[in-house]
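Chemist: Sending over a structure as structure tokens; questions will come in a sec.
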């Protein structure tokens with residue numbers, strides 16, 4: 001594959017990922033609705049989403065489309081620089097940080113920082129707004145809540 005063809009393929013993939021990222025929250029909501037509709041798949045109730053006391057269980061297994069979306073988010077987080085960027089944005093008082101402050105915190109070039117911010121944005125973890133010369137970034141709380149819900153330990157019945 002020539003260098004130009006590889007660049008064209010990468011640009012097409014980036015455009016597709018950006019379009020998909022905008023629909024991440026909608027896909028997660030749809031997956032939650034589908035999972036709620038599929039509750040109680042086993043005859044003996046072994047994998048039912050209803051607790052023994054009749055209350056709905058707060059945890060639902062994710063379906064394949066939601067897993068694909070979450071894998072994209074985790075892939076975005078699988079880089080130390082992006083984890084630090086996310087942490088710096090989240091730790092900022094007021095919830096917003098200027099890109100100029102982010103760039104100063106790293107020994108990376110500005111284009112590299114911009115690439116990492118783009119990856120986090122496409123994953124739906126952060127959002128931004130241009131104000132004059134600078135771009136300001138903030139966390140997307142709903143995306144972080146989804147990750148947190150998936151990673152939180154379920155309430156266990158009895159000690160193990």
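The values are calculated or read from the model by the stated rules, or taken from the named source; none is laboratory data. This is a predicted model, so every value here is computed, not measured. Every residue, glycine among them, receives a Cβ derived from its backbone with ideal geometry; neighbour counts consider all protein chains shown.
Chemist: Across segment 90-100, which residue is nearest to residue 67 (Cα to Cα) among those that are exposed (fewer than 15 other Cβ atoms within 10 Å of the Cβ) and without any contact (Cβ under 8 Å) to a residue 40 or more places away in the chain?
Modeler: In this case the residue turns out to be 91.
Chemist: Given the structure, is residue 70 in contact with a strand residue (DSSP E or B) (Cβ under 6 Å, 6 or more places away or on another chain), within 16 Å of residue 144 (Cβ to Cβ) and assigned to a helix (DSSP H, G or I)?
Modeler: So residue 70 fails the test.
Chemist: Here's something else I'd like to know. Consider segment 115-160. How many of its residues are surrounded by fewer than 17 Cβ atoms within 10 Å (Cβ to Cβ), modelled with pLDDT of 95 or more and in a helix (DSSP H, G or I)?
Modeler: Result for segment 115-160: 2.
Chemist: Restricting segment 55-67 to residues that are under 12 Å from residue 150 (Cβ atoms) and at pLDDT 85 or above, which is surrounded by the fewest Cβ atoms within 10 Å (Cβ to Cβ)?
Modeler: Of everything passing the filter in segment 55-67, 67 is surrounded by the fewest Cβ atoms within 10 Å (Cβ to Cβ).
Chemist: Filter segment 104-114 down to residues that are in a loop (DSSP other than H, G, I, E, B) and touching a helix residue (DSSP H, G or I) at 6+ places or on another chain (Cβ under 8 Å), then give me how many there are.
Modeler: So the answer is 3.
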